1. From the square roots a ≥ b ≥ c of the eigenvalues of the alpha-carbon gyration tensor of the protein assembly as shown, which class results: rounded (a/c under 1.5), prolate (a/b over b/c), or oblate?
2. Other chains near A:146-156: what is the mean number of their Cβ atoms within 10 Å of each residue's Cβ?
3. Beta carbons within 10 angstrom, averaged per residue: use that to sort the peptides A:81-91, A:183-193, B:455-465, highest first.
4. Under 5 Å between amide hydrogens, which residues at least 5 positions from residue B:392 or on another chain qualify, with H placed 1.01 Å from N in the peptide plane?
5. Which whole-Hz couplings ³J(HN,Hα) result when phi for each residue of segment A:124-140 is put into the Karplus expression 6.51 cos²θ - 1.76 cosθ + 1.60, θ = phi - 60°, listed in order with x for Gly and Pro?
6. Rounded to the nearest 10 degrees, what's the angle between the helix B:243-256 long axis and the longest principal axis of chain B, both from Cα atoms, 0 to 90?
7. Counting Lys and Arg as +1 and Asp and Glu as -1, what is the net charge of the other residues whose Cβ lies under 11 Å from the Cβ of residue B:240?
8. Using Cα pairs under 8 angstrom and six or more residues apart, how large is the relative contact order of segment B:374-442, in percent?
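The numbers here are math on the coordinates, done by the rules we state, and not lab data. Quantities reported herein were computed from a predicted structural model and do not represent experimental measurements. Every residue, glycine as well, gets a Cβ built from its backbone with ideal geometry; the counts of neighbours run over all protein chains shown.
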Amino acid sequence: MEAKFADAEKLFDRLKSAFVAQDYETSITLLSQLKVKLTEFSGLPPLYRQTPTQVQELVLARSILEYAVILSVKTEDQESFERHFLQLKPYYTDTRQLISRSSEEYPILGLNLLRLLVQNRIAEFHTELELLPPEALDDVCLKHAIELEQSFMEGAYNRVLNARQAFPHETYLYFMDLLAKTVRDEIAGCSEKAFDFLTVADAKKILMFSSDQELLKYAAESALVPDTKELLIQCQRSRILRCFLPDEHPDWEIQKGILYFQKVKELAPCKEIPSLQMINQTLGYARELERIV
Amino acid sequence: MFAFLPLRCVYTNLKNVAALVEKGVVSKEMRLMVRAMRHVMSIRRKLKGPTVVSFLKSTLPSGSDALSRLLPYVSKEEEIGMDIDTPSSALHVSSHKQSILPELEIFTYLLVLIFLLDKKSYDKAKACSSGAIKRLQQLNRRTLDVLAARIYFYYSYSYELTNSLAEIRGTLLLLHRTATLHHDELGQETLLNLLLRNYLHYNLYDQAEKLRSKTQRAESHSHQQLCRYLYYLGRIRTIQLEYTDAKDSLMQAARKAPLSASGFRIQCNKWAAIVRLLLGEIPERTTFMQPGMRKALRPYFELTNAVRIGDLELFRQVAEKFSSTFYTDKTHNLIVRLRHNVIRTGLRNISISYSRISLTDVAAKLHLVSATPVDDAESIVTKAIRDGGIDAIVDHANGWMQSKETGDIYSTQEPQLAFHSRIAFCLNTHNEAVKALRFPPNAHKKELESAEKRRERQQQEQELAKHIAEEDDDEF
């Protein structure tokens, strides 16, 4: 037992050094080997057998899984992040009596919350939130994630984009970038409903682009027709651009440095009667009235 | 009927209840068992140690396992709670029976359990209930279902009072499986509720939902269990952001709950109020002023006020003032989600009252506290416009928000939709009322004739027949 444990520890040290050297391939292979070794220990979940080395086994297994989680962030693999995190969770919840709290627990929990936010799984975000004890809410990393979610829900997107500069942990960068992209789409959607037009300078500030080129590229993003794109590049010189964007950003026109959102197409009050809906409703009433319960 | 009998007749009451249980087993009628349980509940406050001991000794055969296991629990209490009622000592009769119905045995377990819980000796109750569960697992009789369901409930209750709910999760799951295999529907229902309660106690909403979605539920046998189930379902749905379903379940639970269950109704009302706030509707003042609930619902009343006005500052103050209450009710995270609603309501009020207002003023009115209030206000306003909360456009160059004219509502689809929801509700209520109809209990007996009337009628018929015969004769 002791020999197996010592083996595992040596392998783990190698993993740590490969990780620091940013050699991700070796890290991944070492990690798979370590996982096989971990199955030989019976002190771990789900067995929790009382062995003499149980506490050390638990600590070791937890550190290995924490490294696995951070590795999956560096390799930008969201599925493996989810898998490793789910394996790691019992170590945080069920082993409270057995081992002391890990220093990486809150950052990793915060990372998970951020991931759920980015993937728009708000229901699971809140379920996870319920599991946190009250004192955890004061921690920097968790507070950061929670405030982000609040700002996202309220619509204060500029706060979200500003928070990108104030991240608490370097592993957060990856998710913050993804979040920035989602937020940008949201802002664009809101802006086109709310504003009639915006100067290019203002649009740049609101959408947080650093240059005109990016803005134009973003506005032209959904262009499906390839030759339209060429047309766009040609027209850039003359500063008159017409973008055909079928689904997301219809009719964004940029003329003389002003970005026009949907041309004021006053939809005439719909004269059409929603006949299908009314037919369904009336048939429903007739059916219910005649029903023999 | 048993409520007003003097103390020394508690023993007689217990004997009567035992007789009811026996009758129920013999005739295989669940109603009698349920009635027996009700009687026990009404006399439980009057139970004293010696009474229980004498009852045990007279019901269980001497030398049986159950007797030897249960007596130590109760005899200790007897020493502590010595009362002056000496006539009861005359009732120390040993039982002559050799064997005993399992139901009566389980009934004695249940009685001791209730007695221990009332005396607040929770550890003993824990041990007794574990013993009862072991005994139950050896038996498989459908007539035991009612009693077994009660025992499961008190088992879970005694563990909850000693803060060791997590230990019994495995046992509860096993019992639930067994109940399903035995088609013991009441047991299934009770155990599902107990499991949900167990998970929700530790905030494991995810697991609770997984269990609930995978279990099959038959028609409910017990009104109380149905109310509890609706409450737990409502809570799970709230956390998962499905507010409409949650509102339905919680309102139903609050309505169906019996009037005496005031604690339960208060909890249901608290959660229902929050869910309605999260949905954007303001609960009426009368829901908070119901008799007996006024003080408990006071924090929620003030919260509703803050949301209704749309004042973020007031909201923050109320949330801080009552934060301990919210933590104990486990609604703290929901309150945090309400911030968004407060802002939305405030914004709507502003947009209706002003035709044009600058964004700095909007930020000031909403008490938006941050480094860049104007930008925040702009983003929030644009999001609200997109979500359809307010009808306006923003002019970025001049930095103001301009409200659009609200047109004539009656020329749109709105009245049609409102009517449709009301019609659907009325039709549903009608169907449910028809389903709940029952014939008056003895209506069919009025139709039957008594023996005398029958004799009279037969006599009359005979006379009539004779008359007709004579007439015929006369004619000839």
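1. Oblate, since a/c reaches 1.5 and b/c is not below a/b.
2. Counting Cβ atoms of other protein chains within 10 Å of each residue's Cβ and averaging gives 6.
3. Answer by packing, highest mean first, reads A:183-193, A:81-91, B:455-465.
4. Answer set, sorted by chain and number: B:404.
5. 5, 4, 5, 4, 4, 4, 5, 6, 7, x, x, 6, 5, 5, 8, 5, 4
6. The answer is roughly 40 degrees.
7. Summing Lys and Arg as +1 and Asp and Glu as -1 gives -3.
8. Normalised by residue count, the contact order of segment B:374-442 is 13 percent.
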